[in-house]
Amino acid sequence: MLHFEWTQNLNSKTYRDALNIRKEVFVEEQQVSVSIEIDDLEDKTLHLVGYEESVPVATARIYPMANGKYKVQRVAIRKAVRDKKYGSILMQEIERHVRELGGKHLFLGAQNHAIGFYEKVGYTICGEEYEEAGIQHHDMDKIL
């Protein structure tokens, strides 16, 4: 089972764990440039890491927008544990925390290969296809 840690502290171990997962998944696996992956929103977002025992295996970041809307970004699960359904558990934790913050609406840019996953956890496509970092995406959202 996973336990979760949230942080906004860019000097924390939790944030470093989040970056390590993101670099592994996005930079190494998907060949996204580190200059795109690490952006100017790092200090404006909430960072979440899921730990299997003490090992960081899942991450996401949440960007607070206006009117109770939060953008889910940088959702990544380490390849070695992708068969354990940790993505769904991570998304449930995001929803729990955003509700706690008073959020009413989640929004994200899904890589096309992940659309089916996001649909299973309640998201709906709300935009046209676009390319980001050389990968096709669709915007999706969910009302809480």
**OP:** Please find, within the stretch 90-120, the residue that is surrounded by the fewest Cβ atoms within 10 Å (Cβ to Cβ) out of those that are in contact with a Phe, Trp or Tyr (Cβ under 6 Å, 6 or more places away or on another chain) and not acidic (Asp, Glu).
**Re:** GLY103
Original post:
Considering only the stretch 51-70, how many residues are farther than 13 Å from LEU101 by Cβ and either part of a strand (DSSP E or B) or charged (D, E, K, R) (or both)?
Top reply: 10
Subject >> Identity of the residue in the stretch 80-94, more than 15 Å from the chain's Cα centre (by Cα) and of a type outside the set (Asp, Glu), that ends up farthest from LEU144 (Cα to Cα) >> reply: ALA80
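In the set GLY50, GLY102, GLY87, which member is at negative phi and out of contact with any Leu (no Cβ under 6 Å at 6 or more places or on another chain)?
Working: GLY50 fails: out of contact with any Leu (no Cβ under 6 Å at 6 or more places or on another chain); GLY102 fails: at negative phi.
None of the others qualify; the one that does is GLY87.
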Original post:
In the list THR7, THR45, which residue meets the criterion of being more than 18 Å from ASP139 (Cα to Cα) and touching a His at 6+ places or on another chain (Cβ under 8 Å)?
Top reply: THR7
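Specify the residue that is surrounded by the fewest Cβ atoms within 10 Å (Cβ to Cβ); the eligible residues are those in the stretch 63-84 that are among the basic types (Lys, Arg) and within 19 Å of GLU37 (Cα to Cα).
Within the stretch 63-84, the subset among the basic types (Lys, Arg) is 69, 71, 74, 78-79, 82, 84.
From what is left, the residues that are within 19 Å of GLU37 (Cα to Cα) are 71, 74, 78-79.
Details: LYS71: 18, ARG74: 24, ARG78: 19, LYS79: 12.
Per the stated criteria, the residue is LYS79.
Considering only strands (runs of 3 or more DSSP E) fully contained in the stretch 77-144, which possess at least 2 residues that are of a type in the set (Asp, Glu) and touching a residue at least 12 places away in the same chain (Cβ under 8 Å)? Write out each step before concluding.
On the way: elements: 105-111, 130-132, 135-143.
Fully inside the stretch 77-144 and qualifying: 135-143.
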Subject >> Sole exception among (1) part of a loop (DSSP other than H, G, I, E, B); (2) within 18 Å of ASP141 (Cα to Cα) for GLN31, by number >> reply: (2)
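Coordinate-derived values only; no laboratory data. The model shown is predicted, which means the values in this text are computed figures rather than measured ones. Cβ: placed from backbone, ideal geometry, glycine included. Neighbour counts: every protein chain shown.
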